[in-house]
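Reading through the structure tokens given below for one structure.
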Amino acid sequence: MEASVILPILKKKLAFLSGGKDRRSGLILTIPLCLEQTNMDELSVTLDYLLSIPSEKCKARGFTVIVDGRKSQWNVVKTVVLMLQNVVPAEVSLVCVVKPDEFWDKKVTHFCFWKEKDRLGFEVILVSANKLTRYIEPCQLTEDFGGSLTYDHMDWLNKRLVFEKFTKESTSLLDELALINNGSDKGNQQEKERSVDLNFLPSVDPETVLQTGHELLSELQQRRFNGSDGGVSWSPMDDELLAQPQVMKLLDSLREQYTRYQEVCRQRSKRTQLEEIQQKVMQVVNWLEGPGSEQLRAQWGIGDSIRASQALQQKHEEIESQHSEWFAVYVELNQQIAALLNAGDEEDLVELKSLQQQLSDVCYRQASQLEFRQNLLQAALEFHGVAQDLSQQLDGLLGMLCVDVAPADGASIQQTLKLLEEKLKSVDVGLQGLREKGQGLLDQISNQASWAYGKDVTIENKENVDHIQGVMEDMQLRKQRCEDMVDVRRLKMLQMVQLFKCEEDAAQAVEWLSELLDALLKTHIRLGDDAQETKVLLEKHRKFVDVAQSTYDYGRQLLQATVVLCQSLRCTSRSSGDTLPRLNRVWKQFTIASEERVHRLEMAIAFHSNAEKILQDCPEEPEAINDEEQFDEIEAVGKSLLDRLTVPVVYPDGTEQYFGSPSDMASTAEHIRDRMKLVSLKRQQLRHPEIMATESS
């Protein structure tokens, strides 16, 4: 009985072998009853199929049957138990009826299984699910009964279907292969002149059957050694253990017969291939040595331009296309010959090697000639391409040199000069590349005679050589003329750059001088707190004036240089005409402001020096201190200095400018007034010493 025949019944899972075993190593047969009425005929068929799977040795150990009646009625359970007497009386050693927690207690008295043990042939016990472990280990029970054994009914059913299908197909295939192989051995002499007949092919693909068998065996072995998801060691079902040697035996037989079958097919195919190879080899050799060689003999020029070289290259590609079809045949033939040589038949080795050598010699020689011709045309195309690019570069450079340079600014002149240098450098690189390409092409042409099949190509080679050398010489002359013009243009542009640079620097000098003037008026305002500090400020101011003088002189020199450069370039400077008056005007303003600053510092030095002499206690010189004229002079200088702080600097154009801000001037004036008050107080002390003494006491 096959599973595929009763597949709908087996899918209902009326009974199953989970792979679990009782304490006597007997298999556990589980019958899960449900709420619906169980079809006893289908259950009987299921039990017959399941009991046909284990081996006789396994059956001898007996079965433990678990009848799960928790979801069924008592009369159904009783019927199933009684049916086991007719289906498997000798194999059943124990029947465990799993009862619900309630409901059956009153009905058990109507049918006591333990009293019927002798008649039934096996022991029947009623047990609840949680007490089932008294008779069976938990690891041998499925999850339905609180155990840890994993069982997937559909997975088991699929495995059985695959196993039975493999067994059926492999057995049939073995019979067919044996028939084919035996028939080939008997009729070997008559089959020598015949190719493989379709009638000799098996009905199923041997490779597919072998693959199915290997996958099945791998699955069976994997389930044997792998653990379950929970990590508990899992024992395979007896039907799987029994299936492994059967599958292995069938696979061994299939491999043996399939190997013989392949050898039979190989011998028949080899005889046919040898005849076809001989015919195709002669076709390839005859064409390559005939029309193929004639096509190459007629092509030797390289062209005198890109278009001509491209036309020759296109013609050569057509020749290569024709040859490639025959080369493809050569590759196929070479692979076929190599396969036959690897077979190692002594009777065919000499003939095959001779055909292979002849075919390889002709094809390699022809391929080398095609490659040489292609490389020559490619080199000629590259040479003409480089020559054309170089010619365009020279034309562009010459056009740039023929246009007069209109002065705009130094940056644009620098950019134009840089572009000119880059173009010249590009021309140098292009000419060097042309020489390299030309020399390489000349070297290839000198080797062309070795591929001429005895044809004299000296005249054609001389024309090609003269053309290449003429192109290189013409480009060299054009490049030399451009270099001479570039030298002249470079000198002129450098002078223009220098001119613009001088004008820019002169304008910058005016800006610097203006900034110095602005700094003088806004930041150089302090007059010092004493004579020493004022002298330091005066010294710093003189250095500041020296910096301004250097800036002015630098601007004058730059403006003089622009005049000389304009005369050399025969052009007029755009900025030197108004830069010189601006430079002189700013310098004049700076000079006036600087002189005013010097006058104020000198007056401050005189004021502070005299004031410090009077304010110091010098008993050695009482006469000097008592001199009223000194006090008057200090007071006069102080007032004059205060008046001068309020007077602006007046420029030649009538404009006025003050030193610093009003707050700055007020701070300076306040300090001077404080010093004048101290001097006045000292004067009073000298006039009325007794009054001052009384006030101090």
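Return the residues of the stretch 13-45 that are closer than 20 Å to Ala60 by Cβ and either open to solvent by 40 Å² or more (accessible area, probe 1.4 Å) or not assigned by the TED database to the domain that holds Glu143 (or both); say none if nothing qualifies.
Within the stretch 13-45, Lys21, Arg23, Arg24, Ser25 meet the criteria.
Can you tell me how many residues within the stretch 20-53 are within 60 Å of the chain's Cα centre (by Cα) and at pLDDT below 85?
So the count comes out to 1.
Looking only at the stretch 182-196, decide whether some residue is at pLDDT 70 or above and within 21 Å of Arg271 (Cβ to Cβ).
yes
Counting just the residues of the stretch 540-569 that are open to solvent by 30 Å² or more (accessible area, probe 1.4 Å) and of a type in the set (Ser, Thr, Tyr), which one comes out farthest from Leu527 (Cα to Cα)?
Restricting to residues being open to solvent by 30 Å² or more (accessible area, probe 1.4 Å) and of a type in the set (Ser, Thr, Tyr), the top hit is Ser568.
I'd like the full set of residues that are acidic (Asp, Glu), more than 30 Å from Met676 (Cα to Cα) and touching a residue at least 24 places away in the same chain (Cβ under 8 Å), limited to the stretch 497-541.
Scanning the stretch 497-541 gives Glu503, Glu504, Asp505.
Only residues that are open to solvent by 80 Å² or more (accessible area, probe 1.4 Å) and part of a helix (DSSP H, G or I): list them for the stretch 639-662, please.
Answer for the stretch 639-662, where residues must be open to solvent by 80 Å² or more (accessible area, probe 1.4 Å) and part of a helix (DSSP H, G or I): Lys639, Asp643, Pro662.
Among the residues of the stretch 653-672, how many are in contact with a helix residue (DSSP H, G or I) (Cβ under 7 Å, 6 or more places away or on another chain) and free of Cβ contacts under 8 Å to residues at least 40 places away in the same chain?
1
Any chance you could count how many residues in the stretch 286-303 are within 49 Å of the chain's Cα centre (by Cα) and open to solvent by less than 40 Å² (accessible area, probe 1.4 Å)?
Matching residues across the stretch 286-303 total 9.
Please find, within the stretch 275-285, the residue that is nearest to Leu376 (Cα to Cα) out of those that are open to solvent by less than 20 Å² (accessible area, probe 1.4 Å) and out of contact with any Phe, Trp or Tyr (no Cβ under 6 Å at 6 or more places or on another chain).
Among those residues, the one meeting the criterion is Val285.
So for the stretch 503-518 (the condition being under 21 Å from Thr646 (Cα atoms), among the aliphatic types (A, V, I, L, M) and open to solvent by less than 40 Å² (accessible area, probe 1.4 Å)), does at least one residue qualify?
Yes: one or more hits.
How many of the residues in the stretch 1-12 are charged (D, E, K, R) and either open to solvent by less than 40 Å² (accessible area, probe 1.4 Å) or within 56 Å of the chain's Cα centre (by Cα) (or both)?
Final tally of qualifying residues: 1.
Would you mention how many residues in the stretch 60-77 are at pLDDT below 85 and crowded, with 18+ Cβ neighbours inside 10 Å?
Number of matching residues: 3.
On the given criteria, is Thr171 at pLDDT 85 or above, of a type outside the set (A, V, I, L, M) and open to solvent by less than 70 Å² (accessible area, probe 1.4 Å)?
No; evaluated as a whole, the condition is false for this residue.
Tell me, yes or no, whether the stretch 645-652 has at least one residue that is more than 21 Å from Leu527 (Cα to Cα) and either hydroxyl-bearing (Ser, Thr, Tyr) or free of Cβ contacts under 8 Å to residues at least 12 places away in the same chain (or both).
yes
Read through the list (1) under 21 Å from Pro54 (Cα atoms); (2) open to solvent by 40 Å² or more (accessible area, probe 1.4 Å); (3) in a helix (DSSP H, G or I); (4) at pLDDT below 85, then give the number of the only condition that Asn158 fails.
Of everything listed in (1) under 21 Å from Pro54 (Cα atoms); (2) open to solvent by 40 Å² or more (accessible area, probe 1.4 Å); (3) in a helix (DSSP H, G or I); (4) at pLDDT below 85, Asn158 misses just condition (4).
Just checking, does the stretch 541-551 include any residue being part of a helix (DSSP H, G or I), closer than 22 Å to Thr646 by Cα and either in the same structural domain as Ser661 (by the TED database) or hydroxyl-bearing (Ser, Thr, Tyr) (or both)?
Yes, the stretch 541-551 contains at least one residue that is part of a helix (DSSP H, G or I), closer than 22 Å to Thr646 by Cα and either in the same structural domain as Ser661 (by the TED database) or hydroxyl-bearing (Ser, Thr, Tyr) (or both).
Output the number of residues of the stretch 428-463 satisfying the condition of being open to solvent by 70 Å² or more (accessible area, probe 1.4 Å), more than 16 Å from Gly303 (Cα to Cα) and modelled with pLDDT of 85 or more.
Looking only at that region, the number is 6.
The values are calculated or read from the model by the stated rules, or taken from the named source; none is laboratory data. Predicted model only: the values in this text are computed from it and were never measured. We place every Cβ from the backbone using ideal geometry, glycine too, and count neighbours over all the protein chains shown. Note: accessible area is taken over every heavy atom of the protein model, side chains too, but ligands, DNA and RNA are not part of it. Shrake-Rupley method; radii C 1.70, N 1.55, O 1.52, S 1.80 Å.
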